[in-house]
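Data block below; observations after.
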Amino acid sequence: MRYICSKCKKTEDVTTYKSKCDCGGLWKLQFTPPKFDKDLIDTDTWGLFRYRAFMPIVGEVWKEISLGEGMTPVIQFDEDVMLKMDYFMPTLSFKDRGAAMLIAHCKSIGVDSVVQDSSGNAGNSVAAYCAKAGIECEIFVPEGTSPKKINMIEAHNAKVNVVPGSRDHCADVCRDKVDSEKKYYANHVYNPFFYEGTKTYIYEVYEQLNRIPENIFVPLGNGTLFIGVIKGLEELLVSGLIRKMPNIIAVQSEYCDPFAKAVLNDETSPAKVTPKATMAEGIAIGIPMRGEEILEYIYKYNVEVITAPEKRILEARGMLAAKGVYCEHTTAASYAAYLKYCELKGKTSDCLISMCGAGLKSDH
């Protein structure tokens, strides 16, 4: 199993501490799982590592890392919408799927210290799993990050650096440290092991429903869940368990929409945008580092891209809460986008929306 550069196709052993190829390209993972088969699921393991037969797991180190992540329920919200309750996770966000896999990899290759940048949820998740693994952790977050998310990161004994400016600038500052101090970059965008964790979102949906819904709404900033969803669905296709891709609707903030604008103009690179302050902080990524890769998926599978109306995020959050689902603002943006989609396209049934983060994390 090796990394392969997304640009020059050079390969590198996965034990490397290099966050990217020497040419600047990001790593992909040379890993082909067996065809997905329910008989290969370890039903004695209650968590996402029940799917380890289809994941790049080395040895038994995952047992030291797991915090019980995964196996979140799918609930029927109304006659048209199902919600995948991914904030039922150890750190209250779906990022635990990727962090559990990534930190298990870090532990297996002897990493003892990591740095990472985040709008909050990924940083909290990496910090928690590093705490479990006994790995030193330093997280960079942009100003304006929810204080409660920062408090959670610090509670896991991680060092937090609050960086003035945008989310993209925060990432630049963190990467400067990675380059200058040769730190291991445990990042949810750069490191492909993270997507080997987020793809379990689709595994679980298939196991729970014995099918895949017709319409899947996926938040899209850096593409952490989006790429995982695509990978999981591709594996089900190869296995013959589904005959075609469902209709995937990627959700961006109307205040930060590089993919929406790119698709509008048939561009192969994300459009240059100037992000405005948005309640959907988790998807406010103006310069997505895997942008070209994500656009390839968008065009390959005719993914629709829709923007969530900023003025309807609190309305959507209230509608969810009124039925017992208290989510954070970025998550509510996905439901706001669904409401807009129905206004544009008409009644849309058999929809799945991820409840990515818990509401208490963004009450600020």
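With only the Cα atoms considered, the stretch 186-270 has a convex hull volume of 115 Å³ per residue. Given a 1.4 Å probe and the protein chains as shown, R211 ends up with an accessible area of around 100 Å². Computed over protein heavy atoms with a 1.4 Å probe, the carbon and sulfur contribution to the accessible area of the stretch 1-157 reaches 49%.
Packing, as the average of other Cβ atoms within 10 Å across residues, places the peptides 294-305, 142-153 in the order 142-153, 294-305, highest first.
The alpha-carbon positions of the stretch 117-212 define a convex hull whose volume is 124 Å³ per residue. For the chain, the mean residue ellipticity at 222 nm estimated from helices alone is -10500 deg cm²/dmol, where every DSSP H run of n ≥ 4 contributes -39500 (n - 2.57) and the total is divided by all residues, rounded to the nearest 500.
Which whole-number value in Å² is the accessible area per residue of the stretch 313-355, probe 1.4 Å? Each step should come with its number before you reach the end.
On the way: 1570 Å² over 43 residues.
Per residue, the stretch 313-355 has an accessible area of 36 Å².
The residues of the stretch 55-183 present an accessible area of 36 Å² per residue when probed at 1.4 Å with all protein chains retained. A simple rule links phi to the HN-Hα coupling: the Karplus curve 6.51 cos²θ - 1.76 cosθ + 1.60 with θ = phi - 60°, which for the stretch 255-265 gives 8, 7, 9, x, 7, 4, 5, 5, 5, 4, 10 Hz, with x for Gly and Pro.
What number results when the radius of gyration of the stretch 106-166, computed over Cα atoms, is divided by 2.2 N^0.38 Å? Kindly include the intermediate steps, with their values, before the conclusion.
Values: Rg = 11.2 Å, N = 61, 2.2 N^0.38 = 10.5 Å.
Dividing the Cα radius of gyration by 2.2 N^0.38 Å gives 1.06.
Across G134, G228, G346, mean-square fluctuation computed from a Gaussian network of the chain (C-alpha pairs under 10 Å connected) peaks at G346. Rounded to the nearest whole Hz, the Karplus-based 3J(HN,Hα) values (6.51 cos²θ - 1.76 cosθ + 1.60, θ = phi - 60°) of the stretch 63-69 follow the sequence 5, 7, 9, 4, 10, x, 5, with x at glycine and proline.
Mind ranking 154-160, 101-107 by how tightly packed they are, going by the mean number of other C-beta atoms within 10 angstrom, highest first?
Details: 154-160: 16.0, 101-107: 27.7.
Ranking the peptides 154-160, 101-107 by packing returns 101-107, 154-160.
Using C-alpha pairs under 8 Å with a sequence gap of at least 6, the mean separation divided by the residue count of the chain gives a relative contact order of 17 percent. Mean sequence separation of contacting Cα pairs (under 8 Å, at least six apart), scaled by the length of the stretch 108-223, corresponds to a relative contact order of 24 percent. The relative contact order of the stretch 316-364, computed from alpha carbon pairs under 8 Å that lie at least 6 residues apart in sequence, is 46 percent. For the stretch 178-332, a Kirkwood hydrodynamic radius built from all Cα pairs, placed in the Stokes-Einstein relation at 37 °C and 0.692 mPa s, yields a translational diffusion coefficient of 197 µm²/s. For the options T198, T32, T278, a Gaussian network treatment of the chain with springs between C-alpha atoms closer than 10 Å singles out T32 as fluctuating the most.
Quantify, in whole percent, the carbon and sulfur part of the accessible surface of the stretch 225-364 (1.4 Å probe; protein heavy atoms only). Provide the component values of the computation, followed by the final result.
Details: 3220 of 5850 Å².
That fraction is 55 percent.
Label-to-label distance for V74 and E315 is 2.9 nm, based on points extended 7 Å past Cα in the beta-carbon direction.
Rounded to the nearest 5, the antiparallel percentage of DSSP beta bridges internal to the chain is 30%.
The values are calculated or read from the model by the stated rules, or taken from the named source; none is laboratory data. Please read all numbers here as calculations on a predicted model, not as lab measurements. Cβ coordinates were reconstructed from backbone atoms using ideal geometry, including for glycine residues, and neighbour counts include every protein chain displayed. Just the protein is used for accessible areas: all its heavy atoms, side chains included, with ligands, DNA and RNA removed. Shrake-Rupley method; radii C 1.70, N 1.55, O 1.52, S 1.80 Å.
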